[in-house]
Amino acid sequence: LQIREVDSEGFEGALLRVPGRSRGIIAVRRDISELARKRFTIAHEIGHYVLPGHGSVNAVCTHAEIELDIAESQMREKSANRFASELLLPRALVVPLIQERGISIKTAKHISKLFQVSLTATAMKCVESSDQPCALVISVGNVVARFYHNALFDYRISLGWTLRSDTKAYFLSEHSDDMTDTGEVPATAWLDRQGLQRDVMITEDSIFLPNYDQVLTILVANRMS
Ligand SMILES: [Zn+2]
């Protein structure tokens, strides 16, 4: 596969195959400013090339399809993202780092620098790879825009839900001179009272990303002992 940077307004990355031959071109949008995002886009297109069931036709992928892994994304886009995440951030290397440093935004930042992957993609991988019940919430303007959880996290947070004022994420977006905040919050700050076990404690670790006007939050749900 040859990689070419191209001018584009409509797509982030594209895979052009040479019919009948095992070669192709990956076109990546030239003006993607962050190296981590460019790398992820290329890895995503490699995924389309090598994964079974991705057909023999060309792929053109938009920003929403790459890395963000939004709910409406098609299965192929999701699997290409999963492939890219594993190519750039192998779980076998991430797990020992989480075990050593604990699951937190700080750990995700460290791993993100080490592997040159965006903080968001790294935080997703950390949540997936953690042996604690945890979730990642991305909120924009105090509204939940994305929610991921690992298999151990029993609760759901709805997209479009407005952050409560007792979350640290709310505080950060209202007082944006502070960038990070960590600590225990009442479980009901994040989770529905209904179905909530009484002894659940939530540790919230949030960071405000001014460039995206987003707050990234890692939630860990623990039982009080
Ligand atoms: Zn794609």
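General remarks:
- Scanning region 78-103 for residues being buried (at least 20 other Cβ atoms within 10 Å of the Cβ) and among the hydroxyl-bearing types (Ser, Thr, Tyr) gives a total of 1.
- Scan of region 36-58 for residues that are modelled with pLDDT under 90 and surrounded by 13 or more Cβ atoms within 10 Å (Cβ to Cβ), ordered by number: 54, 58
- Qualifying residue in region 5-26 (condition: away from the ligand (no atom under 14 Å from the Cβ), surrounded by 15 or more Cβ atoms within 10 Å (Cβ to Cβ) and of a type in the set (A, V, I, L, M, F, W, C)): yes
- Test: residue 162 is of a type in the set (Val, Ile, Thr) and either buried (at least 19 other Cβ atoms within 10 Å of the Cβ) or more than 27 Å from residue 34 (Cβ to Cβ) (or both): yes
- Subset of region 137-150 [surrounded by 24 or more Cβ atoms within 10 Å (Cβ to Cβ) and of a type outside the set (Val, Ile, Thr)]: 139
- Test: residue in region 59-76 that is in contact with a Cys (Cβ under 9 Å, 6 or more places away or on another chain), modelled with pLDDT under 95 and among the charged types (D, E, K, R): no
- Residue within region 115-136 that is acidic (Asp, Glu), away from the ligand (no atom under 16 Å from the Cβ) and either touching a residue at least 60 places away in the same chain (Cβ under 8 Å) or assigned to a loop (DSSP other than H, G, I, E, B) (or both) present: yes
- Among the candidates 35, 1, residue that is under 25 Å from residue 122 (Cβ atoms) and either of a type in the set (Gly, Ala, Ser) or in contact with a Gly (Cβ under 8 Å, 6 or more places away or on another chain) (or both): 1
- Within region 191-206, if we keep just the residues that are out of contact with any helix residue (DSSP H, G or I) (no Cβ under 9 Å at 6 or more places or on another chain) and within 13 Å of residue 220 (Cα to Cα), the residue that is surrounded by the fewest Cβ atoms within 10 Å (Cβ to Cβ) turns out to be 203.
- Residue list for region 1-17, restricted to those being touching a residue at least 24 places away in the same chain (Cβ under 8 Å) and charged (D, E, K, R): 4, 5, 7, 12, 17
The values are calculated or read from the model by the stated rules, or taken from the named source; none is laboratory data. Keep in mind that this is a model prediction, so the values were computed, not measured. Cβ coordinates were reconstructed from backbone atoms using ideal geometry, including for glycine residues, and neighbour counts include every protein chain displayed.
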